[in-house]
């Protein structure tokens, strides 16, 4: 099945503690159905000091369920994603505006 959300897409969070936040998808794991979005679902991770890096507490974006994300259309509103044939190519389009993503 084709992916509705891909790396580099601008998305908005629909549910959870970060509801309403916008960000860009950094990574997608289709097997677990989760994605990492920059600046969303942040957690503190502790790093032990080594010869090459300074230790301390570093914020890290954790994965979030794909069902809690929606792609942002050109108007800045959340939208669902559909597929259609554009000549020989299968393309994604925003259901609200009909524009190709």
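Can you give me the Cα centroid spacing of the stretch 6-54 and the stretch 60-91 in angstrom?
Comparing the Cα centres of the stretch 6-54 and the stretch 60-91, I get a distance of 17 Å.
Can you give me the relative contact order of the stretch 10-74 as a percent, contacts being Cα pairs under 8 Å and 6 or more apart?
Numbers: 118 pairs, mean separation 22.6, N = 65.
RCO, the stretch 10-74: 35 percent.
Work out the P(r) tail for the stretch 58-99: percent of alpha carbon pairs separated by more than 16 Å, whole number. Numbers along the way, then the final one.
Details: 448 of 861 pairs.
Tail of the P(r) past 16 Å holds 52 percent of the pairs.
Build a GNM of the chain with springs between Cα atoms under 10 Å: which of 36, 91, 28 gets the top mean-square fluctuation?
For the chain, modelled as a Gaussian network with Cα springs under 10 Å, the answer is 91.
Report the dimensions of the chain along its three principal axes from the alpha-carbon atoms, largest first, rounded to Å.
Each principal axis gives a Cα extent; for the chain these are 56, 28, 22 Å.
The numbers here are math on the coordinates, done by the rules we state, and not lab data. Just so it is clear, the structure is predicted and the values come from calculations on it, not from any experiment.
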